[in-house]
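The values are calculated or read from the model by the stated rules, or taken from the named source; none is laboratory data. Values in this document were obtained by computation on a predicted structure and should not be read as measured data. Here the Cβ is made from the backbone with ideal geometry for all residues, glycine too, and neighbour counts use every protein chain on show. Each accessible area value is taken on the protein alone, full model and side chains, heavy atoms only, with ligands, DNA and RNA left out. Shrake-Rupley method; radii C 1.70, N 1.55, O 1.52, S 1.80 Å.
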Amino acid sequence: MSMAVTQTPKKSSRVLRYIGFVAMPLLVVVWSLIDLSLGKELVEWIPYLASGFSMNILITICAVTLGTTAGVVLGLMQLAPFWFVRLPAQIYVQIFRNAPALVLIFATTYIFPFEIVMFGNYLPFPDWVKAVIGLAILSSAYIAEITRGAVLSIPTTQWEATKGLGFSRLQALRFVILPQCVRRSLPPWMNVASSMAMGTSLASLVGVHELMHAATDASTAVRRLDFTIIAYVVVMAAFFTLCYPIARLTRRLEQRFNAG
Amino acid sequence: MMTASPATDAAIVKLEDVHLSFGQTQVLKGIDLTINKGDAVSIIGPSGSGKSTILRCINALVTPQSGKITVAGTRVDQLTKESERIQLRKRVGIVFQQYNLFPHLTVLDNIVLAPTRILGADKTATVKLARELLEKVRLSEKADAYPGQLSGGQQQRVAIARALAMKPELVLFDEVTSALDPETVGEVLWVIRDLIRDGMTSILVTHEMRFAEEISDTVVFTENGRIVDHGSPQQIFHSTENPRIRQFVGGLSGGGRGAVRDGEGI
Ligand SMILES: Nc1ncnc2c1ncn2[C@@H]1O[C@H](COP(=O)(O)OP(=O)(O)O)[C@@H](O)[C@H]1O
Ligand SMILES: [Mg+2]
């Protein structure tokens, strides 16, 4: 019974890896070779698609980094002993945790100005940065909940032990509680990071030049059904390779923290 | 008051008429207790009689509603800020029934963490001290193990070493053998006995009657939030008139768990 339970995720991840790294690329290559005119179009458009994809990577890294940092802080604020610290964090999390990603991306795009004035200079405020902020807000709300749950899951006897040794509350968090939370939070953190990676495709809807946007451009320009299909297969494979390293990294970290 | 010693300034802990309630429940109803430097004092008594609460008052984990508490020259009852209570706790070690080691750190790091991070002690010197303490609790070979790999008795000895690494002026032990398998109780009592012989001021809440009799300078019997009697082990265990104490002591040491396991087999 427990064998079956532990094997299922492994098996499904092997199937996914097979589809992502073998089946989809194989389909693209074989199809391109059978119909060389299609292959030629694809080769011409690959650099354009790649430049779009680099934007997805950039948005993912920025949004997850920002969201994780803000989320951990917000999660701890939700547990603060003072209501004036706790309450704003609770309200923020409750509002944004339930907001759809697309709504947040639209909101940040149209609420923020296209440039900001700083020390008398006009700095451009590009759309991709607004998408980063939209996704960072969403992920920070999720990660705040993950952090709060992880801290609460640590037995109170751990707090008691630190108190007896003369730790302040913050020192206990920093040296004893949070290090133990990291391992527990990794699997849900990975889910958030992966959904943010997927969510970057929504930025195409507010005009950010990322992979989905590039693929749409390409298929409009080429006007061939088979090219359109193959272009979106490439898009799917690319999103898969974006999420796969996140899963690998999480598993590696988990093993490292498992030593304890 | 408690010993014949005339020097009240030798007292390292002094509780005077301490009253404490949690909400409506009165837990301590006027506790008077004086403990001299270098003494070993055992607190015995039925469960729920306030033994742990007395210890928690001494290192400011709880604050009584009234009464005076003086610990190593500090008026604990008058501390108003958490930072002042933290200062006191750095000087008073406490070991709990559940050893509460930090599971993500090795044995050595468990011991080194508080002195280096909280007291700001030098890392190299602290590691050296930690290794000496591990030797003292006979666990040198476990320095790099994680708590999860140790038995209960071994974890509790690490917890004692962790408390000692703060170089406390006194150590409080709250039923430190109650959660242990009977086979490992002896090894922990051994370590405490050594510590008391080295002159460490120790206050023990314990159900190990034979051990309390052997190592204590004074035994205190609590019941229902009051100290019913106190005196030398001889007085409390053998010549008390109080029927409650006789019943309690007889009931416990008559059982199989009363005997001190003298550490054979360590
Ligand atoms: N934090 C607390 N809140 C409410 N009641 C408590 C708390 N801590 C202890 N008590 C109560 O105080 C009484 C004495 O507890 P304690 O000092 O732990 O007794 P002992 O250690 O002698 O078993 C018990 O009745 C217990 O239920
Ligand atoms: Mg108790």
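Only one of the listed residues (B:Ser42, B:Ser47) is outside any helix (DSSP H, G or I), within 16 Å of ligand 2 (Cβ to nearest atom), surrounded by 15 or more Cβ atoms within 10 Å (Cβ to Cβ) and of a type in the set (Gly, Ala, Ser). That residue is B:Ser42. Summed over the stretch B:167-205, the residues that are assigned to a loop (DSSP other than H, G, I, E, B), farther than 25 Å from B:Lys90 by Cβ and either away from ligand 1 (no atom under 16 Å from the Cβ) or within 14 Å of the chain's Cα centre (by Cα) (or both) give a count of 4. Residues that are surrounded by 21 or more Cβ atoms within 10 Å (Cβ to Cβ) and within 21 Å of B:Val13 (Cα to Cα) are absent from the stretch B:177-190 altogether. Taken over the stretch A:214-243, the criterion of being open to solvent by 50 Å² or more (accessible area, probe 1.4 Å) and either in a helix (DSSP H, G or I) or within 18 Å of A:Ala203 (Cβ to Cβ) (or both) is satisfied by A:Thr216, A:Asp217, A:Thr220, A:Ala221, A:Leu225, A:Ile229, A:Tyr232, A:Met236, A:Thr241. Close contacts from the stretch B:205-224, counting a first residue that is within 14 Å of another protein chain (Cβ to nearest Cβ) and under 17 Å from B:Arg56 (Cα atoms) and a second that is among the polar types (S, T, N, Q) and more than 11 Å from ligand 1 (Cβ to nearest atom), with Cβ to Cβ under 7 Å and a gap of 6+ residues or different chains, come to none at all. Criterion applied to A:Arg169, A:Arg174, A:Arg183 was being at pLDDT below 90 and within 14 Å of chain B (Cβ to nearest Cβ), and the one residue passing it is A:Arg183.
Residue by residue, here is whether (1) over 17 Å from the mean Cα position of the chain (by Cα); (2) at pLDDT below 95; (3) buried (at least 20 other Cβ atoms within 10 Å of the Cβ) holds:
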| residue | (1), (2), (3) |
| --- | --- |
| A:Lys40 | yes, yes, no |
| A:Pro47 | yes, yes, no |
| A:Thr68 | no, no, yes |
| A:Leu87 | yes, no, no |
| A:Leu102 | no, yes, no |
| A:Ile105 | no, yes, yes |
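Mind checking whether some residue in the stretch A:148-158 is open to solvent by 50 Å² or more (accessible area, probe 1.4 Å) and within 12 Å of another protein chain (Cβ to nearest Cβ)? Within the stretch A:148-158, one or more residues are open to solvent by 50 Å² or more (accessible area, probe 1.4 Å) and within 12 Å of another protein chain (Cβ to nearest Cβ). The listed residues are B:Leu88, B:Leu61, B:Leu55, B:Leu28, and the only one of them that is away from ligand 2 (no atom under 15 Å from the Cβ) and not basic (Lys, Arg) turns out to be B:Leu88.
Of all the residues in the stretch A:244-260, those that are assigned to a helix (DSSP H, G or I), more than 23 Å from A:Pro47 (Cβ to Cβ) and touching a residue at least 60 places away in the same chain (Cβ under 8 Å) number 6.
Looking only at residues in the stretch A:159-174 that are surrounded by 19 or more Cβ atoms within 10 Å (Cβ to Cβ) and closer than 17 Å to B:Arg162 by Cα, which one is nearest to the chain's Cα centre (by Cα)?
A:Ala172
Among the numbered conditions (1) away from ligand 2 (no atom under 16 Å from the Cβ); (2) hydrophobic (A, V, I, L, M, F, W, C); (3) within 14 Å of another protein chain (Cβ to nearest Cβ); (4) out of contact with any helix residue (DSSP H, G or I) (no Cβ under 8 Å at 6 or more places or on another chain), the only one that B:Ala10 does not meet is (3).
The residue list B:Ile111, B:Ile118, B:Ile69, B:Ile58 contains one member that is β-branched (Val, Ile, Thr), open to solvent by less than 60 Å² (accessible area, probe 1.4 Å) and within 9 Å of another protein chain (Cβ to nearest Cβ), which is B:Ile118.
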